[in-house]
Amino acid sequence: FPLKIIRTEEKGDVPSSKKKLIERAINIAAGELILTTDADVRHAPGWIRSFIELYESGETSMILGPVAYAGEKGCLGKFQSLEMISLMGVTAGSCRMGFPLMCNGANLAYKKEAFLECGGYKGNQQFVSGDDMFLLMRIIKKYGRKSVKFLLSPVAVVSTKPQLTLRNFFSQRFRWVSKSRGYTDFRIIFTALSTYFFNLAMLSGFVIGIWNLPVLWTTLILVVTRMLLEGPLVMLMAKFLGKEKLISLFPPMDLLYIPYVVITGFLGMILPYQWKGRRVIRGGVVKGELKQSPDPPAV
C-alpha cells in the first residue's frame, strides 16, 4: 500500500507533537479505519488483516491491540516485560468486562469518523504523551463503552524493546504518568488513584512494620491477597504473549512494584524529564529541544 511522509512543521515553529502529526495524517487519510503504531515495534504477518476482521464483525469505534516486550535481559528488562504483561491483562480484562481502562498507541485502531466527531486531541495538545488514552476517554464518552473492543489474537501482537538504562526507563515512566493530569474519566481517575494509594499504604505498612509487628503481618496478608487475585490474570496473559518463563518471577517483581509505583507516581507529576530529544517540564509540556538528531517524520 502507498506511504506518505508527514513531516514536522516549518523551520522556526514550535516542535510538533505526536498528536499534531497524527491529526495531519488522519486529515489526509482516505480510508475509514485508522491504525496507529510506533516506529520501533515489530508486527506479525496478518497484523492489519486481524484488525480489519474484528472491525467488520460488528459496530466498533476503537480496537485495542496487545503489546509485548521482546529480547528482555537482566532484572530491568524482565521487570518491564512483566509490567507490560500485567498492563495488557488489565487492558484486555477491563475491556472484555465492558469497562475499558487503558490502551496503547503502539497497537491501536479507530474509525476516522469517530476521531473527527470526538474532536481529536483538541484541548490535550500541551501533553507530550496521551494520544491513546485521551482519545479512548472521548470515544467512550461519545459512543459508549461497548464500542471499544480488545483484539485477543496472536497475530495482532506487536513487540518492542524494553529500555536498557534506568535513566531511560524512568524518563519513559514519567512521561506516562505526566499525562494523567489531563484525565477526565472518573473510572480511570479512580482506578489510578486507588492503585497508587494502595501501594503507598503497603509501602508505609512495611516501614511501620519494622517497629510494629501486627502492622507488618497485616501488610503481608494484603500483599499476598493481591498476588493471588492478580496471579491468574498475569499467567493467562503471559501464556498468550509467549512469556511463560517470566511467571516464576511474578512474586518478587510484585513486591518491587510497590515502591516503584509510589516513586514514579509522585516524581512523574513534579519532575521534568527528557524524552527523544525534548526536555519536558512538569505536567508533560514540551519546553524545548535538545541538541541532537530530530525525530524521524511520521508515516
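The values are calculated or read from the model by the stated rules, or taken from the named source; none is laboratory data. Being a predicted model, the structure only gives us computed values, none of them experimental. Every residue, glycine among them, receives a Cβ derived from its backbone with ideal geometry; neighbour counts consider all protein chains shown. Only protein heavy atoms, including side chains, enter the accessible area calculation; ligands, DNA and RNA are left aside. Shrake-Rupley method; radii C 1.70, N 1.55, O 1.52, S 1.80 Å.
Values computed for the structure shown
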read-out	value
Qualifying positions in the range 161-191 - under 29 Å from G71 (Cα atoms), in contact (Cβ under 8 Å) with a residue 12 or more places away in the chain and not polar (S, T, N, Q)	K161, P162, L164, L166, F169, F170, R173, F174, R175, W176, V177, K179
L82, sole failed condition from (1) more than 26 Å from L21 (Cα to Cα); (2) part of a loop (DSSP other than H, G, I, E, B)	(2)
Pairs, first on the phi < 0 side of the Ramachandran plot in the range 96-107, second assigned to a loop (DSSP other than H, G, I, E, B), C-beta under 7 Å, six or more apart	C103/D132; N104/D132; G105/D131; G105/D132; A106/D38; N107/G65; N107/P66
Long-range neighbours under 6 Å by Cβ, at least six apart or interchain, first residue in contact (Cβ under 8 Å) with a residue 24 or more places away in the chain within the range 244-257, second of a type in the set (F, W, Y)	M253/F79
Total residues in the range 27-68, condition outside any loop (DSSP other than H, G, I, E, B), of a type outside the set (S, T, N, Q) and modelled with pLDDT of 90 or more	20
Condition check for G231: assigned to a helix (DSSP H, G or I), farther than 16 Å from G89 by Cα and either open to solvent by less than 50 Å² (accessible area, probe 1.4 Å) or in contact (Cβ under 8 Å) with a residue 60 or more places away in the chain (or both)	no
Strands (runs of 3 or more DSSP E) completely within the range 99-174 that count 3 or more residues being among the hydroxyl-bearing types (S, T, Y)	none
Test for L256: is it part of a helix (DSSP H, G or I), closer than 24 Å to R173 by Cβ, out of contact with any His (no Cβ under 6 Å at 6 or more places or on another chain) and at pLDDT below 90	no
Search result, residues across the range 154-170 that are open to solvent by less than 30 Å² (accessible area, probe 1.4 Å) and in contact with an Asp or Glu (Cβ under 9 Å, 6 or more places away or on another chain)	V158, T160, P162
Failed item in (1) assigned to a helix (DSSP H, G or I); (2) small (G, A, S); (3) under 27 Å from P232 (Cβ atoms), with G71 passing the rest	(1)
Verdict on V215 being part of a helix (DSSP H, G or I), surrounded by 13 or more Cβ atoms within 10 Å (Cβ to Cβ) and free of Cβ contacts under 8 Å to residues at least 12 places away in the same chain	yes
